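Colleague: Quick one: the structure is below, questions incoming.
The values are calculated or read from the model by the stated rules, or taken from the named source; none is laboratory data. Please read all numbers here as calculations on a predicted model, not as lab measurements. FYI the Cβ positions are ideal-geometry reconstructions off the backbone, even for glycines, and counts take in every protein chain you see.
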Amino acid sequence: MSTPVRTASCDVLVVGAGLAGMTAALEAARTGSVVLATKTVLGDGSSRWAQGGIAVAADEDDVAAHAADTLAAGAGLCDPRAVAALCAAGPAALRALLGRGARFDTDASGGFSLGLEAAHSRPRILHAGGDRTGAVLSAALALAVRRSGVAVHEEAFLVDLVVRDGRVVGADLLLRGASGEDAPLRVEAGAVVLATGGAGQLFSRTTNPAVATGDGLAAAWRAGAGLADLEMVQFHPTVAAVEEPFLVSEAVRGEGAVLLDAAGQRYMPAVDPRAELAPRDVVARATGRAVAAHGGRPALLDATGLRARTGAPFARRFPGIAAMCAAAGLDPDREPLPVTPAAHYLMGGVRTDARGRTGVAGLWAAGEVACTGVHGANRLASNSLLEALVTGAAVAADVAAVAAGADGAPARFPADEVVDLPGEAGVRAAHVPRRDVRAALWEHAGLFRDAAGLAVAAKLLTPEETPLDLAATPGAGRRAHEDANLLLVGRLLVTAAALRTESLGAHHREDHPETPGAPRRRTLRRTA
Ligand code: SIN
């Protein structure tokens with residue numbers, strides 16, 4: 001990037017404005033000056049697209065059961081202490097949300113209407129606007145942020161973190177002005193919080209919005225932070241197989257919808273006793289196999305029984321999905337919906353402890369960009385919004401404690417296996433077209449992986465020509481930075497998938513079907 005022409009400073013810079021970023025900003029504003037920078041507009045991130053809801057222990061007795069379900073879904077890779085803390089924090093996070101104006105759907109008795117999703121032992125999913133939970137909560141927090149003292153920079157693209165003497169001291173942004181031109185802005189900050197979400201755009205089929213290009217992951221890597229368990233990508237089993245694909249929430253199966261193959265046969269009962277409500281990785285793989293067995297013809301999600309069971313049309317409980325079905329010419333009350341799996345959520349990410357501290361002083365991370373260990377190898381449905389709220393608040397509390405004089409030493413992760421990658425120097429380099437990166441990842445690092453395919457992907461992601469180093473390319477635009485970030489994170493993901501020669505949760509190796517007894521978290525680290 002060329003020399004920034006403008007600078008600003010604050011106590012805390014939060015990058016990303018989904019639920020994690022907005023929560024962190026609101027909490028941090030209680031004790032200091034806060035700048036919130038977001039790539040598009042406030043509240044526009046993956047959080048906004050969450051349909052099913054937010055998992056919160058239904059009462060104190062349910063906290064342990066929620067934790068047990070999270071650990072079981074996570075296939076042995078969760079950090080049990082982090083999980084216990086997440087589930088215990090649920091009721092307080094819910095109260096804070098209500099205090100910020102969020103409202104949830106209620107039942108006839110006036111209590112919260114609780115949904116059921118896969119791998120939950122009981123209904124505990126709060127939802128809002130039927131199936132528009134993410135949008136309703138994002139709007140409530142966006143309003144709260146606008147009414148707070150937080151300085152908001154919209155259309156602000158994260159180019160890189162600023163590192164001085166081994167410490168993150170700010171970030172370089174590209175800020176879009178009224179004329180539509182990007183201008184550089186450097187924000188110096190006592191603490192930087194990454195809440196930039198995931199990297200679903202790495203895959204040619206994804207539920208993620210266009211902004212999910214791994215910018216925070218790539219910037220953290222270049223700044224020297226470790227990235228853990230990047231191979232752990234959750235694939236959602238039911239994404240509508242139409243021209244404009246859209247998520248069909250797991251909550252639809254929670255309400256009784258069943259999966260059929262293209263020949264009309266129900267396949268899940270033969271795969272798992274929990275059938276359509278088996279953990280998401282199990283249903284996604286079975287659906288992938290059902291699609292492959294029928295020459296690529298989509299599976300079918302049959303929700304036609306819901307109306308007979310409840311007496312209400314599909315649109316009453318799922319108005320958002322019903323509207324998208326209508327736009328695609330589908331009627332879920334009358335016909336099964338064509339569905340296929342797609343990349344949905346990154347369980348891995350910037351390695352953080354429960355306070356959101358990374359391995360680099362001055363840098364915290366919260367939400368999908370972070371890997372706190374709560375999701376293990378397969379995230380339990382609807383735990384992501386909960387994690388965003390809980391870690392957003394935890395990060396702000398830790399930042400405030402450090403500002404007040406607590407030890408701000410970077411986090412250490414002694415139990416992790418650490419792999420140093422001297423080859424990945426972290427330059428911002430482009431030159432493999434985005435569509436090729438996405439196709440390579442989907443084809444070779446998707447639902448089913450093996451060494452040969454991962455080697456093909458690694459080669460496809462290694463440009464033959466000398467890559468363009470954006471650090472030395474003044475005026476490089478957002479798209480070029482995004483492409484470089486996708487390429488970098490894609491390469492790291494493929495490396496991580498090749499290193500894990502075992503099958504665990506969402507990471508399925510056809511050549512290594514065995515599941516380890518005591519899996520370890522693996523953190524990749526950049527060395528010069
Ligand atoms: C869904 O509604 O199926 C997605 C919810 C989630 O990702 O937890």
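Colleague: Could you tell me how many of the residues in segment 47-58 are more than 9 Å from the ligand (Cβ to nearest atom) and among the polar types (S, T, N, Q)?
Modeller: The qualifying residues number 1.
Colleague: Counting only residues that are in contact (Cβ under 8 Å) with a residue 24 or more places away in the chain and within 16 Å of the ligand (Cβ to nearest atom), how many does segment 242-271 have?
Modeller: 15
Colleague: Right, another one. Only one of Arg124, Arg81 is at pLDDT 95 or above, of a type in the set (Lys, Arg) and within 13 Å of the ligand (Cβ to nearest atom). Can you tell me which?
Modeller: Details: Arg81 fails: within 13 Å of the ligand (Cβ to nearest atom).
Going through Arg124, Arg81 in turn, just one is at pLDDT 95 or above, of a type in the set (Lys, Arg) and within 13 Å of the ligand (Cβ to nearest atom): Arg124.
Colleague: As an exercise: evaluate Gly224 against (1) farther than 25 Å from Thr133 by Cα; (2) crowded, with 24+ Cβ neighbours inside 10 Å; (3) not polar (S, T, N, Q) and give the number of the one condition it does not meet.
Modeller: (2)
Colleague: For Gly21, all conditions in the list (1) buried (at least 24 other Cβ atoms within 10 Å of the Cβ); (2) small (Gly, Ala, Ser); (3) more than 16 Å from the ligand (Cβ to nearest atom); (4) not in a helix (DSSP H, G or I) hold save one; what is the number of the exception?
Modeller: Of the numbered conditions (1) buried (at least 24 other Cβ atoms within 10 Å of the Cβ); (2) small (Gly, Ala, Ser); (3) more than 16 Å from the ligand (Cβ to nearest atom); (4) not in a helix (DSSP H, G or I), the odd one out for Gly21 is (4).
Colleague: Inside segment 129-174, can you point out the residues that are over 20 Å from the mean Cα position of the chain (by Cα) and in a loop (DSSP other than H, G, I, E, B)?
Modeller: Listed by number, the residues that qualify are Gly129, Gly130, Ser148, Gly149, Val150, Glu154, Glu155, Asp165, Gly166.
Colleague: Looking at (1) in contact with a strand residue (DSSP E or B) (Cβ under 7 Å, 6 or more places away or on another chain); (2) aliphatic (A, V, I, L, M); (3) assigned to a helix (DSSP H, G or I); (4) more than 14 Å from the ligand (Cβ to nearest atom), which one does Ala377 not meet, given that it meets all the others?
Modeller: The one condition Ala377 does not meet is (3).
Colleague: Which residue out of Ser113, Ser33 is in contact (Cβ under 8 Å) with a residue 12 or more places away in the chain, farther than 22 Å from Tyr345 by Cβ and within 16 Å of the ligand (Cβ to nearest atom)? Before you say what the answer is, go through the steps one by one.
Modeller: Values: Ser33 fails: within 16 Å of the ligand (Cβ to nearest atom).
Result of the check over Ser113, Ser33: Ser113.
Colleague: Got a sec? Which of Thr391, Thr358, Thr352 is more than 12 Å from the ligand (Cβ to nearest atom), within 24 Å of Pro279 (Cα to Cα) and modelled with pLDDT of 95 or more?
Modeller: Result of the check over Thr391, Thr358, Thr352: Thr391.
Colleague: How many residues, within segment 481-528, are of a type in the set (Gly, Ala, Ser), modelled with pLDDT under 95 and surrounded by fewer than 23 Cβ atoms within 10 Å (Cβ to Cβ)? First the steps, then the outcome.
Modeller: Taking segment 481-528 as the starting set, the residues that turn out to be of a type in the set (Gly, Ala, Ser) are 484, 490, 496-498, 503, 505-506, 517-518, 528.
Checking which are modelled with pLDDT under 95 leaves us with 484, 517-518, 528.
Applying the additional criterion that residues be surrounded by fewer than 23 Cβ atoms within 10 Å (Cβ to Cβ) yields 517-518, 528.
Qualifying residue count, segment 481-528: 3.
Colleague: Now a separate question. When segment 436-495 is examined, which residues are found to be outside any helix (DSSP H, G or I), under 19 Å from Leu346 (Cβ atoms) and among the hydrophobic types (A, V, I, L, M, F, W, C)? Walk me through how you get there before you give the answer.
Modeller: Let us first name the residues in segment 436-495 that are outside any helix (DSSP H, G or I), namely 445-450, 461-469, 473-477.
Next, only the ones that are under 19 Å from Leu346 (Cβ atoms) stay: 445-449, 461.
Across segment 436-495, the qualifying residues are Ala445, Leu447, Phe448, Leu461.
Colleague: Part of a loop (DSSP other than H, G, I, E, B), β-branched (Val, Ile, Thr), crowded, with 24+ Cβ neighbours inside 10 Å and in contact (Cβ under 8 Å) with a residue 12 or more places away in the chain: is that true of Val395 in this structure? Explain how you work it out, then say what you get.
Modeller: Details: part of a loop (DSSP other than H, G, I, E, B): no; β-branched (Val, Ile, Thr): yes; crowded, with 24+ Cβ neighbours inside 10 Å: yes; in contact (Cβ under 8 Å) with a residue 12 or more places away in the chain: yes.
So Val395 fails the test.
Colleague: Is there a residue in segment 175-197 that is within 16 Å of the ligand (Cβ to nearest atom) and closer than 24 Å to Cys371 by Cα? It would help to see each step written out before you state the result.
Modeller: Taking segment 175-197 first, the residues within 16 Å of the ligand (Cβ to nearest atom) are 197.
Checking the rest, the ones that are also closer than 24 Å to Cys371 by Cα come to 197.
Looking through segment 175-197, at least one residue is within 16 Å of the ligand (Cβ to nearest atom) and closer than 24 Å to Cys371 by Cα.
Colleague: Considering each residue of segment 226-241, count those that are over 16 Å from the mean Cα position of the chain (by Cα), of a type in the set (A, V, I, L, M) and away from the ligand (no atom under 14 Å from the Cβ), and give that number.
Modeller: So the answer is 1.
Colleague: When you go through Ala439, Ala400, Ala406 one by one, which is the residue that is over 28 Å from Ile125 (Cα atoms) and free of Cβ contacts under 8 Å to residues at least 60 places away in the same chain?
Modeller: Working: Ala439 fails: free of Cβ contacts under 8 Å to residues at least 60 places away in the same chain; Ala400 fails: free of Cβ contacts under 8 Å to residues at least 60 places away in the same chain.
None of the others qualify; the one that does is Ala406.
Colleague: Sticking with this structure for a sec: Filter segment 316-374 for residues that are at positive phi and surrounded by fewer than 24 Cβ atoms within 10 Å (Cβ to Cβ) and give the result.
Modeller: Let us first name the residues in segment 316-374 that are at positive phi, namely 329, 349, 356, 362, 367, 373.
Passing the criteria: only Gly329.
Colleague: All but one of (1) aliphatic (A, V, I, L, M); (2) in contact with a His (Cβ under 8 Å, 6 or more places away or on another chain); (3) assigned to a strand (DSSP E or B) hold for Ala57; state the number of the condition that does not hold.
Modeller: Only one criterion is unmet by Ala57, namely (3).
Colleague: Which pairs turn up if I take residues in segment 347-373 that are closer than 15 Å to Ala393 by Cα and look for partners that are crowded, with 24+ Cβ neighbours inside 10 Å and among the basic types (Lys, Arg) with beta carbon separation below 7 Å, at least 6 apart in sequence or on another chain?
Modeller: Trp364/Arg357
Colleague: Got a sec? Which of Val258, Val187 is farther than 27 Å from Gly490 by Cα, modelled with pLDDT of 95 or more and in contact with a Lys or Arg (Cβ under 7 Å, 6 or more places away or on another chain)? Walk me through how you get there before you give the answer.
Modeller: Details: Val187 fails: in contact with a Lys or Arg (Cβ under 7 Å, 6 or more places away or on another chain).
Residue meeting the stated conditions: Val258.
Colleague: Then there is this: Output the number of the condition that Gly329 fails; it satisfies all remaining conditions of (1) of a type outside the set (A, V, I, L, M, F, W, C); (2) within 30 Å of Arg167 (Cα to Cα); (3) more than 13 Å from the chain's Cα centre (by Cα).
Modeller: Tallying (1) of a type outside the set (A, V, I, L, M, F, W, C); (2) within 30 Å of Arg167 (Cα to Cα); (3) more than 13 Å from the chain's Cα centre (by Cα), Gly329 fails exactly one: (2).
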